[in-house]
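Comments concern the structure below.
The values are calculated or read from the model by the stated rules, or taken from the named source; none is laboratory data. Everything quoted here is computed from the prediction, not taken from an experiment. For neighbour counting, all protein chains shown are included, and Cβ atoms are generated from backbone atoms with ideal geometry for every residue, glycine included.
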DNA sequence: GAAGTCGCTTTCCTTTAGGAACCTACTATA
DNA sequence: TATAGTAGGTTCCTAAAGGAAAGCGACTTC
């Protein structure tokens, strides 16, 4: 808590840092992407579509996304229990942001590859 | 290396993941932001403007940004030595992306705050 | 002669994220 | 009886990131 306060004190000069922490921490964009592509779905469906995520981490990320208001969780007290996850309106408002990133990626990512090769060639 | 390959196998379904790794890994946006705000500058100037970064990490990040083609490094063999860093054209092409993030932040970040409070209140 | 400047590098240490494997209660199915 | 499926929780462990502090070479300043 105190550490976070000190860090943010220096990082607040970068106004996009809160959004980065929110949206671009590990696994959050893949999860949101899967939810966007395949709509409302259950825990195990998400897990199957993200083959390398462990259930522990998936739970952690989904809880965080739920707390941040980006994912809605619906619990059905059936047997066996059923839980469904979906993007919220707030998360949907991020879609244009993602599209901007996809556009940049398509336009410029190969330049990054070139730069890396050039850098590595030059030792 | 092998691990990275396995990970990307499952994360490539999220097409913005390479950009996220590139631009939104820790400290990269604050560094780019400082370079954008204050233009071409020296190592110690960046360090002073990011009070909590350690020189080791700043060096690591600058090298990575240089390799990725986002930052240009100019070395002057004077005594004491002088080094200047600046954004490349490639990095400047990211500015609209950053602005999209700032816009989203201004429009929606308070909703995230509200969602967190609501979640925490509900235990 | 001591200290400061610059752009790092090196070493050591702590923190943290994340993976693996196992566990839960309950039921339907084979 | 055994197995599978449901949505996770728990424990243990390791790899990696990152911070703190010291040092370096070559020179200038006090």
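Here the condition is being more than 16 Å from DNA strand D (Cβ to nearest atom) and within 20 Å of residue B:47 (Cα to Cα); of B:100, B:59, B:74, it holds for B:74 alone. Of the residues screened, residue A:82 is not one that is more than 25 Å from residue B:97 (Cα to Cα) and facing chain B (nearest Cβ under 8 Å). Of the helices (runs of 4 or more DSSP H) entirely within the range B:40-100, those holding at least 2 residues that are within 10 Å of DNA strand C (Cβ to nearest atom) and out of contact with any helix residue (DSSP H, G or I) (no Cβ under 6 Å at 6 or more places or on another chain) occupy B:43-49, B:55-67.
Here is a yes/no grid of residues against (1) more than 10 Å from every other protein chain (Cβ to nearest Cβ); (2) modelled with pLDDT of 95 or more; (3) loosely packed, with under 15 Cβ neighbours inside 10 Å:
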residue	(1), (2), (3)
B:3	no, no, yes
B:10	no, no, no
B:18	no, no, no
B:41	yes, yes, no
B:50	no, no, no
B:62	yes, yes, no
B:88	no, yes, no
B:96	no, yes, yes
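Output the number of residues of the range A:96-123 satisfying the condition of being more than 19 Å from residue B:110 (Cβ to Cβ) and in contact (Cβ under 8 Å) with a residue 24 or more places away in the chain.
Residues meeting the conditions: 1.
Annotation: of all residues in the range B:20-32 being assigned to a helix (DSSP H, G or I), without any contact (Cβ under 8 Å) to a residue 40 or more places away in the chain and at the interface with another protein chain (Cβ under 7 Å from one of its Cβ atoms), the one that is farthest from DNA strand D (Cβ to nearest atom) is B:20.
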